[in-house]
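Each value in this text was obtained by applying a stated rule to the coordinates, not by laboratory testing. Just so we're clear, the structure is a prediction, and the values are computed from it rather than from any experiment. Cβ placement follows ideal geometry from the backbone for every residue including glycine, while neighbour counts extend to all protein chains displayed.
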Amino acid sequence: MAMRIAYALLVAILLPWFSARAAEPLAIITAAANPLDTLSLDDLKLVYLRKSQMDTEGNRWLPLNMPVTDSLRRDFSLALFSLLPEEQEDYWSVQYFNGISPPKVMASEEAILRFVASTTGSIGYVRKQKVDNRVKVLLLITLPTAK
């Protein structure tokens with residue numbers, strides 16, 4: 001009986017967290033001054049695979065990532081590529097051998113916001129609730145459901 005009560009209490013506490021996390025979209029951002037207003041999911045994949053090097057204005061794309069172990073990076077990779085960051089190591093080894101570096105890694109969402117706001121051509125991702133007037137949202141991505 002005590003186990004049932006403890007289980008029910010645990011579910012009651014954690015369920016709202018999982019529901020909110022699954023419902024919160026990820027915002028793909030660029031500088032507020034960037035003339036680009038939207039970006040398709042397919043184009044975003046090409047930018048993050050470094051297969052698209054320039055935006056429509058001729059600026060070099062500078063994609064940003066969170067650290068490999070960060071849960072936001074893991075969610076982004078699953079949503080965009082259906083792969084965990086570690087599962088992309090072989091791809092980046094080949095690209096690096098061919099002179100193509102992976103996206104720059106930033107330490108936090110605030111670091112991404114600051115870099116994107118001040119660097120032409122940069123693109124990154126943050127939780128939608130973190131977006132402010134320094135940046136513009138190009139695309140919203142629904143994160144994978146937490147399990």
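When N is the residue count of segment 80-147, what does its C-alpha Rg come to as a fraction of 2.2 N^0.38 Å?
On the way: Rg = 14.3 Å, N = 68, 2.2 N^0.38 = 10.9 Å.
Here the answer is 1.30, to two decimals.
Using 0.36 nm times the number of residues separating residue 140 and residue 110, minus their current alpha carbon distance, what extension gain do you get?
The residue 140-residue 110 span can extend by a further 9.0 nm.
About the Cα centre, and with charges only on the beta carbon of Lys, Arg (+1) and Asp, Glu (-1), how big is the dipole of segment 31-99? Nearest 20 debye, please. Can you show the working numbers first?
Numbers: 6 positive and 11 negative charges, 27 e Å.
So the dipole magnitude of segment 31-99 works out to roughly 140 debye.
Using a Förster radius of 22 Å, what is the FRET efficiency between residue 129 and residue 60 based on their Cβ-Cβ separation? Nearest 0.05, please.
0.15
If we count every other residue with Cβ under 14 angstrom of residue 50's Cβ, Lys/Arg +1 and Asp/Glu -1, where does the sum land?
Working: positive: 45, 51, 60, 104; negative: 43, 55.
With Lys, Arg at +1 and Asp, Glu at -1, the net is +2.
In nm, what is the difference between 0.36 nm times the number of residues separating residue 40 and residue 92 and their Cα-Cα distance? Before the final figure, lay out the partial values.
Working: separation 52, 0.36 × 52 = 18.72 nm, distance 2.27 nm.
Using 0.36 nm per residue and subtracting the Cα-Cα distance, I get 16.5 nm.
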